[in-house]
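So the structure is just underneath, and the comments pick up after that.
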């Protein structure tokens, strides 16, 4: 029996530095929460988070154009990874800025003072009276971001699994931390945790089966085994199917979307925006990497399966959104439909499809964060007024806020001169080019259905008379105002002049094997 | 001379921004009207630069817009687009004028009302001038948004329903067209693909593919035009929208649909056009007769005109797909004259509704006693609607029917019936509102004010002038249509009618 010597793998720390910075900042934030005086914690946490995220963004920009395979092939920092990491860092930065909003809620914070307190209990009342602020959210968000950044660069299934868990666990906690509607929030956190654990188990079991079939966890190794036609094919197919389930769960593709509306509705709205934008990037790029790099040899098998999933996701998301009466649930179903449009880009299985999907992820994230930020502004006595009927006549009372929201909705609907149109055009063009004409037609149909419920909200806001006891639009602090303005500006900018971003994603559309 | 056309498109857009930002509602209204007059002046200047015997597209502007996708900001002026640009430039100031006191009592933003119409104008002008298919598509779709708000915010009782129906019909058509636009784009060689009309026309596409793409484009344009059986959004939209917007919608904006058929569908899909033409001609004839019959049965003033419009759009489509120079020129001429005539009709009906406060035919009667000039206006506008000889509409309808007859005798014969039906719905409307004894409510109605007269007078003058002297405009148009028909590759069946003599 031969013993294998453990060789310390060579690690390119430069390539990993952005991830290390973010995770390091998360650890620092935990220490701050443990040792710093109460009144300084929030300030220090915000500073640490913002500095780390800006630093990570700068480091990523510096690395643009370089491809690195490191840590024995477990991590690949290539074009798609860099673009995805930059998007994740940017979305995290914006979300952290939104966390600092203290003016909207009368209690001074949008997070529960203590996640463990029973809703309506004496402890909660006391903590609220003491104006205790939740500060762990910063550390949790940074950990999630670090996990996401690792996930998009993970080149073996085990690294990917660890990254998946690192990003998921903080999100389960964050979802249950809403200050208002505590029970709903805790329910959503629990639901997300249970279903997420199932999905992780699927992923892990699939990984084991793939390893059994190919003898490798590394995507390049799997690819080699697949193209050499060695190994048990049925094991490989079942295994990859299960890995895909784990990832499709995270991007809320049908039929793994059931958690999405409940979690989106129950989570604090700023966290919902963060999840919708950043998690989608992480899981989607990981899914592309597994399929393109590891399973390029089985492309005929998975494009067929995933084009069915894509079609169903677009249709189910759009149709179910029609009957929603809660704005957050409606946006959740819309996010499901958008996962379907993204999958249309994925099944193109071409560099132009990858570029289109990356563009879509970036602009969809921007618009989503903006839309959820607007949702935080519309409030009545019970907190955010998310029932659609209470948005009636908003355009009459607050034309600017309603106008920004209308712009985001038009972008979701893919109306020209917004970024959503260019995104839809690129994914449809890529899929059409790959011969997926039927899927494009299904996409067109789903877009028409989706337009109906986006327009319904605009009808409510602008064409209906305001209810006398309706909610008011609170005046936010500068942080939220800036985020909404920037998101609206970028939604128009990438709709009118998308050239630079399209160029960037086209250059970054090749996965390194 | 570059930059002229870009300026023509950007000027109203800029005016819209200024209108929205200037303090004071009255100032905003004046800024908007001044902008539209500047656009008119610029249009005249551009028109003088145009050489009717020159190449198809002139005064071209072309800048790469989205380089990675091959999208260009590419504008060009053909004889056909010049006619429609001129229609837009003439109609917009009149529509803006008609809006002066229209929605003052609704409590909604008047500045936005004016700014949105200018945004519409910019997009409509852009669509008429675009020589890049994606640029055309973007404007074609984006113009739904301002119109949606114009109907939904400022319209009548059922405005929400009408606005949503309007958008959903058109958006659906647009999305189908988007799939076809992508399909067309992908016919180009990889890495050299562009959306430029000139590049796409040069492609050699097999007829089967052409037919699919043709259907994709035609669904969008048939909804926009609108053609039976996808016309039902227009009566609702036109009825619920304020009268000025109904005029703008069916008079100007919907022309983008029929323009798209001539300027894009014919040159892009020549083989499919020739094969499918009999079917489209059939639909057009159904549209003409059906809508005319329905118009006779309507009791709502705006609905009558809306259905009349659908019938006339049928005539326009009939002429386009008859594929003779004469019929196609007649159709283009009809787009202009129908724009003037429908705008006049909607504006005059709007004057009536603002006085009586009702759209219902039964609430009127004997208006010509208290308001003889108003009655005269309705009569003149109505006569232009039924294509009375001497009016521009007569020249157009005659050209279309004669041009169609040389290829499709039966279709032309059936379509001619619509002239009789038009006389019915127009004259019944006149009879029931204007003649007879005045009722208690109509006896004290005030006659036309100076401002109102000033709005419709230019329309009447143009309708008469183009009816008596159609030559110059027809020459300009025929230059464009001849080249377009030549691109389709069909030749006119003989004998060719002397076009210039049509008006006498």
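Structural remarks
- Only one entry in B:414, B:448 is in contact (Cβ under 8 Å) with a residue 12 or more places away in the chain, touching a helix residue (DSSP H, G or I) at 6+ places or on another chain (Cβ under 7 Å) and more than 24 Å from residue B:286 (Cβ to Cβ), namely B:448.
- Looking at the range A:205-282, the helices (runs of 4 or more DSSP H) lying wholly inside it that each contain 1 or more residues that are under 30 Å from residue A:318 (Cα atoms) sit at A:233-250, A:259-266, A:269-274.
- Helices (runs of 4 or more DSSP H) contained in the range B:146-225 and holding at least 3 residues more than 8 Å from chain A (Cβ to nearest Cβ) and surrounded by 24 or more Cβ atoms within 10 Å (Cβ to Cβ): B:159-185, B:207-224
- Meets criteria (closer than 30 Å to residue A:104 by Cβ and out of contact with any strand residue (DSSP E or B) (no Cβ under 7 Å at 6 or more places or on another chain)) for residue A:449: no
- Considering (1) under 30 Å from residue B:232 (Cβ atoms); (2) more than 10 Å from chain A (Cβ to nearest Cβ), the lone condition that residue B:140 does not fulfil carries the number (2).
- Output for the range A:377-432, where each listed residue is in contact with a strand residue (DSSP E or B) (Cβ under 6 Å, 6 or more places away or on another chain) and assigned to a helix (DSSP H, G or I): A:377, A:401
- Identity of the residue in the range A:487-513, surrounded by 16 or more Cβ atoms within 10 Å (Cβ to Cβ) and not in a helix (DSSP H, G or I), that ends up modelled with the highest pLDDT: A:498
So that you can scan it fast, the table gives a plain yes or no per residue for (1) in contact with a strand residue (DSSP E or B) (Cβ under 9 Å, 6 or more places away or on another chain); (2) closer than 29 Å to residue A:217 by Cα; (3) part of a strand (DSSP E or B):
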position	(1), (2), (3)
A:7	no, yes, no
A:11	yes, yes, no
A:17	no, yes, no
A:30	no, no, no
A:33	no, no, no
A:66	yes, yes, no
A:76	yes, yes, yes
A:89	no, yes, no
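- Going through (1) out of contact with any strand residue (DSSP E or B) (no Cβ under 8 Å at 6 or more places or on another chain); (2) not in a helix (DSSP H, G or I) one by one, residue A:104 falls short only on (1).
- Among (1) in a helix (DSSP H, G or I); (2) modelled with pLDDT under 90; (3) more than 10 Å from chain A (Cβ to nearest Cβ), the one test that residue B:120 misses: (2)
- Within the range A:441-452, considering residues that are more than 9 Å from every other protein chain (Cβ to nearest Cβ) and either surrounded by fewer than 24 Cβ atoms within 10 Å (Cβ to Cβ) or in a loop (DSSP other than H, G, I, E, B) (or both), the one modelled with the lowest pLDDT: A:449
- Test: residue B:110 is closer than 30 Å to residue A:453 by Cα, surrounded by fewer than 24 Cβ atoms within 10 Å (Cβ to Cβ) and more than 11 Å from chain A (Cβ to nearest Cβ): yes
- Failed condition for residue B:68, given (1) part of a helix (DSSP H, G or I); (2) away from every other protein chain (no Cβ under 11 Å); (3) more than 19 Å from residue B:9 (Cα to Cα): (2)
- Scan the range A:416-440 for residues that are in contact with a helix residue (DSSP H, G or I) (Cβ under 6 Å, 6 or more places away or on another chain), within 8 Å of another protein chain (Cβ to nearest Cβ) and closer than 20 Å to residue A:315 by Cβ and the total you get is 3.
- Subset of the range A:453-501 that is facing chain B (nearest Cβ under 10 Å) and out of contact with any helix residue (DSSP H, G or I) (no Cβ under 8 Å at 6 or more places or on another chain) - its residue that is farthest from residue B:107 (Cα to Cα): A:500
- Residue A:411 vs. criteria more than 8 Å from chain B (Cβ to nearest Cβ), closer than 22 Å to residue A:84 by Cβ and within 24 Å of the chain's Cα centre (by Cα): yes
- None of A:425, A:410 is within 19 Å of residue A:494 (Cβ to Cβ), crowded, with 24+ Cβ neighbours inside 10 Å and free of Cβ contacts under 8 Å to residues at least 12 places away in the same chain except A:425.
- Residue match in the range A:387-396 (condition: within 30 Å of residue A:185 (Cβ to Cβ), surrounded by 24 or more Cβ atoms within 10 Å (Cβ to Cβ), facing another protein chain (nearest Cβ under 9 Å) and in contact (Cβ under 8 Å) with a residue 60 or more places away in the chain): yes
- Residue B:125 fulfils the conditions (1) in contact with a helix residue (DSSP H, G or I) (Cβ under 6 Å, 6 or more places away or on another chain); (2) away from every other protein chain (no Cβ under 12 Å); (3) over 28 Å from residue B:59 (Cβ atoms) except for a single criterion, (3).
- Out of A:46, A:51, sole residue that is surrounded by 14 or more Cβ atoms within 10 Å (Cβ to Cβ) and either in contact (Cβ under 8 Å) with a residue 24 or more places away in the chain or in contact with a helix residue (DSSP H, G or I) (Cβ under 6 Å, 6 or more places away or on another chain) (or both): A:46
- Residue-level check: of (1) touching a helix residue (DSSP H, G or I) at 6+ places or on another chain (Cβ under 8 Å); (2) surrounded by fewer than 24 Cβ atoms within 10 Å (Cβ to Cβ), residue A:310 misses just (2).
The values are calculated or read from the model by the stated rules, or taken from the named source; none is laboratory data. Quantities reported herein were computed from a predicted structural model and do not represent experimental measurements. When we count neighbours, we look across all protein chains shown, and the Cβ atoms used for this are built from the backbone with ideal geometry, even at glycine.
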